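So the structure is just underneath, and the comments pick up after that.
The values are calculated or read from the model by the stated rules, or taken from the named source; none is laboratory data. If you're wondering where the values come from, they're calculated on a predicted model, not measured in any experiment. Virtual Cβ from ideal backbone geometry, glycine too; neighbours counted across all protein chains shown. Calculation scope for accessible area: heavy atoms of the full protein, side chains included, ligands and nucleic acids excluded. Shrake-Rupley method; radii C 1.70, N 1.55, O 1.52, S 1.80 Å.
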Amino acid sequence: MKKEHFIPYLIFLLCFGSSLLFGKLCAASDPFPLYPCIEPNVRFWIDAYSKYPTTKGILHDGTMLNIVYDVIELSTQEEPGARKINTKRIKEAKNKYEKILEKLAQNPSSPDPDARRIAALFGPNAGKPTFRKAMRNIRCQIGQKDRFREGLIFSGAYIEEIREIFRSQGLPEDLAYLPHVESSFNPKAYSKFGAAGIWQFTHPTGKRFLVVDYTQDERRDPIRSSRAAAQLLKRNYEKLGTWPMAITAYNHGLPGMLSAKRRKGSYEAIFQGYRSKRFRFASRNFYSEFLAAREVAKNYEHYFGMLELERPVETREVLLEGYASISDLSHYFEVDVETIRELNPALRLPVFNDQKYVPKGYALRLPADAVDEIQVASADLLESTYRLRQKPSRFYRVKWGDTVGEIAQTHRVKVSDLILANNLDSSATIYIDQNLRIPLPGEKLEQPETLPGMRPRLAGAKEAQSEEVDEKATQNKPSVFEGEMPVSELSINTAVVSGNLEVEKIVTKDGRQIGMIRVEPEETLGHYAEWLRVPTYEIRRLNGFPYGKLLVLNQSVKIPLFKVTKEEFEQARLEYHQEIQEDFSSMYTIESVKMYRVKNGDNIWTLCNDVFSIPLWLMKKYNPDVDLYSLRRSQTLAIPVLGKREGRED
């Protein structure tokens, strides 16, 4: 066969001469094509989902996923110290293969047996540049077989209804398998950056399609979030024209994929040649992962044998015409609170501890046999259960000289209740700029588990002197510590919001009130507009901000207090931060703190997003006196090392 005829023939064999399963994926009528260039990646992810459990680490090339160097043993998450053990094993394995590749980069014909085995993975034409590049591209993928299997079982409760949601929107129903990639169909999944639910909507994206606030988070409801996912994917497809690009945009973002399409044209060209700071391993592989997840999920008996999937629960929704306490609803419908909680994953903890009412307009999901038409229309429900207004949230910002006892006395609450409401440590220590939540009468407060990372700085006069000594001691340690320091050396209560969230001053202009605030982490003009109930352009105009201008920490911003009061704005702002930090703290612990010296080229975004994978608000919490937007070379940052709470999975 002539050389020019060989490559097309090889591509033909790859697509049509492979297994029967891949023949199905290549079907011309399939809206999700399997391109030859991504076939090795799809095979890799099929193995990751169906062959290797989380106790295996697949050591592979980060670009050519068909090159697998080794499969190493890892400890289970339940084993004490698993994170450090696994980090060490992965590092040792990477070092081993870096040395082998270095040897090949010096001599591609090295007679060493290990070197010959690795060289064979790259083919006969690999030379020194290939091996030199591969040295910097070793990656370890944790196996997912056990998680995928669990996800299949979970999905049984929702998958048919989700498929129907996509059918009703005129979309390919196999899109219903995408949550296997995002979350393993775990409704409680929550990422370090605040992506929640089976579809892993981030807070900003979720707000565009769903209700996300302090009382409810519809991202966590598998059915309601699936309707939102259908809307988002449909929009992506309308803008991009192909499902491979629309699905990739679900991970990479629509603007990023539109830019990639303008530069490269087709999905294949993007996969093979597009490079940008944000189009990295996850985005490049997202469509391949979807194809693999679809294959394994649709043919799960082939990969896992017979499984007993969860069954859908028949329910009925009751639209609430007023605010209501969860206990009153439980009593009226004769359904225990735990059942209501299971059927309504969108309702957040403040509703269940009676800190907040179930909001007006919420569609309460109940067992089908627990509700009848007479109950829903009954005047008793209106008179005995509904309330006219939501319970307010009360907060107090700690100032110099404050003590827990004085704050409790001022707000007429018990010291013990104030401690429980804010997860304070046994010494009831508080610190300046901490925003303490003042518990409401009748609120259910339970003793929290003892958690690491719960010893904040003190705010009282005597305590402040000891704080100064502690800070000096801490400041001397970065030059000494290499690696990580115990949490006890530098610990912060991650569940309690800190920072200046108050309106600093108010002036009257043309008969209208204008407030002045300073920007805190995770805030945008869109947030301010929502809390103020005004269009974003009104805030831009008031401040003279051009379109596209980004806010920076501690920046002064004028806000129009035309439609809400100062107190209403502050409450909405505080609840937003409380929501983010309470959710984060329910999933993650601070295992230790490591000190990092800033290098040339570092900025706060790459450090948070790419290097340490921590949210900006947490970085600020551990570095309160650092100007994070003006980092200097050799400056020392305290970096919290995260761990998952026992029994919690992404």
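Cβ under 12 Å from Phe286's Cβ, Phe286 left aside: what net charge do those residues give with Lys, Arg +1 and Asp, Glu -1? The partial results should precede the final answer.
On the way: positive: Arg280, Arg284; negative: Glu182, Glu289.
Residues close to Phe286 contribute a combined charge of 0.
Where Lys and Arg each count +1 and Asp and Glu each count -1, what net charge lies around Leu436 among other residues with Cβ under 12 Å from its Cβ?
Summing Lys/Arg as +1 and Asp/Glu as -1 gives 0.
Using modelled backbone amide H atoms (1.01 Å from N, in-plane), which distant-in-sequence or interchain residues come within less than 5 Å of Arg394's amide H?
Ile438
Through the Karplus equation 6.51 cos²θ - 1.76 cosθ + 1.60, θ set to phi - 60°, convert the phi angles of region 255-268 into ³J(HN,Hα) values in whole Hz; use x for Gly and Pro.
Karplus-based 3J(HN,Hα) across region 255-268 equals x, x, 6, 4, 5, 5, 5, 4, 7, 10, x, 9, 4, 4 Hz.
Indicate the gyration tensor shape class of region 173-272 (rounded, prolate or oblate), computed on the Cα atoms with a ≥ b ≥ c the square roots of the eigenvalues: a/c under 1.5 is rounded; otherwise a/b larger than b/c is prolate and the rest oblate.
Here region 173-272 falls in the prolate category.
Once fully extended, how much extra length lies between Ser416 and Gln390, figured as 0.36 nm per residue of separation less the alpha-carbon to alpha-carbon distance?
Length gained between Ser416 and Gln390: 6.9 nm.
Given 37 °C and 0.692 mPa s, how large is the Stokes-Einstein diffusion coefficient of the chain in µm²/s, with Rh as the Kirkwood radius over Cα pairs?
Numbers: Rh = 27.9 Å.
Answer, rounded: 118 µm²/s.
Each residue of region 408-424 in turn: what ³J(HN,Hα) in whole Hz from Karplus with 6.51, -1.76, 1.60 and θ = phi - 60°, glycine and Pro shown as x?
So the Karplus estimates, Gly and Pro as x, are 4, 5, 4, 9, 6, 10, 6, 4, 4, 5, 5, 5, 5, 5, 10, 6, 6 Hz.
Which order do peptides 300-310, 100-110 fall in by mean Cβ count within 10 Å, highest first?
Working: 300-310: 12.1, 100-110: 17.0.
Per-residue Cβ counts within 10 Å, averaged per peptide and sorted highest first, yield 100-110, 300-310.
Separation between the Lys644 and Arg263 pseudo-spin-labels, each 7 Å from Cα along Cα→Cβ, expressed in nm?
Between Lys644 and Arg263, the label points sit 3.3 nm apart.
Suppose R0 equals 41 Å; then what is the FRET efficiency for Ala363 and Lys509 from their Cβ-Cβ distance, rounded to the nearest 0.05?
Efficiency, from the Cβ-Cβ distance: 0.45.
Evaluate the distance, in nm, between pseudo-label points positioned 7 Å from the Cα of Asn107 and of Gln169 along their respective Cα→Cβ axes.
Result for the modelled spin labels: 5.9 nm.
Using mean Cβ contacts within 10 Å as the protection proxy, how do 267-280, 218-231 order, highest first?
Sorting 267-280, 218-231 by mean packing, highest first, produces 218-231, 267-280.
For region 48-130, what does the accessible surface come to per residue with a 1.4 Å probe? Please give it in Å².
55 Å²
Report the gain in length on full extension from Lys594 to Lys99: 0.36 nm times residue separation, minus Cα-Cα distance, nm rounded to one decimal.
175.4 nm
Keeping all protein chains in place, calculate the accessible area per residue for region 258-308 (probe 1.4 angstrom), answer in Å².
Details: 2650 Å² over 51 residues.
Accessible surface, normalised per residue, equals 52 Å².
Going by amide H atoms built from the backbone, whose H comes under 5 Å of the H on Gln513, apart from near neighbours?
Leu561
Specify which residue in the list Gly206, Ala176, Thr87 is farthest towards the positive end of the charge dipole of the chain, using unit charges on the beta carbon of Lys, Arg (+1) and Asp, Glu (-1), about the Cα centre.
It is Thr87, whose Cα lies furthest towards the positive end.
Would you mind telling me the share, in percent, of accessible area of the chain contributed by carbon and sulfur at probe 1.4 angstrom?
Working: 16290 of 32360 Å².
Carbon-and-sulfur percentage of accessible area, whole number: 50.
Is the shape of region 566-650 best called rounded, prolate or oblate, per the rule: a/c under 1.5 gives rounded, else a/b larger than b/c gives prolate, else oblate, with a ≥ b ≥ c the square roots of the Cα gyration tensor eigenvalues?
Values: a/c = 2.51, a/b = 1.28, b/c = 1.96.
Oblate, because a/c is 1.5 or more while a/b does not exceed b/c.
State, to one decimal in nm, how far the label point of Arg136 lies from the label point of Asp213, with both points 7 Å from Cα in the Cβ direction.
It works out to 5.0 nm between the two label points.
Dipole magnitude of the chain about its Cα centre, charges +1 at Lys/Arg Cβ and -1 at Asp/Glu Cβ only, in debye to the nearest 20?
Values: 93 positive and 86 negative charges, 730 e Å.
Computed about the Cα centre, the dipole is about 3500 debye.
Mind listing the long-range amide H neighbours of Gln434? Cut-off is under 5 Å, sequence gap 5 or more, other chains count too, H placed in the peptide plane at 1.01 Å from N.
Val398, Gly499
Just to verify a number: FRET efficiency for Val337 and Glu150, C-beta to C-beta distance, R0 = 30 Å, to 0.05?
Efficiency at R0 = 30 Å is approximately 0.70.
What net charge do the residues around Asp61 carry, taking every other residue with its C-beta under 11 Å from that of Asp61, with Lys and Arg at +1 and Asp and Glu at -1? Kindly include the intermediate steps, with their values, before the conclusion.
Details: positive: Lys133, Arg136, Arg139; negative: none.
Within the 11 Å Cβ shell, the charges total +3.
Could you work out the helix-only [θ] at 222 nm for the chain, with each DSSP H run of four or more residues adding -39,500 (n - 2.57) and the total divided by the number of residues, to the nearest 500 deg cm²/dmol? Walk me through the intermediate numbers first.
On the way: 28 runs with 282 residues, N = 650.
Only helices count here, giving -13000 deg cm²/dmol.
Compute the accessible area per residue over region 499-650, keeping the other protein chains in place, probe 1.4 Å, unit Å².
Dividing the accessible area of region 499-650 by its residue count gives 48 Å².
For helix 82-106, what angle does its Cα long axis make with the longest principal axis of the chain, in degrees from 0 to 90 and rounded to 10?
It works out to around 30 degrees.
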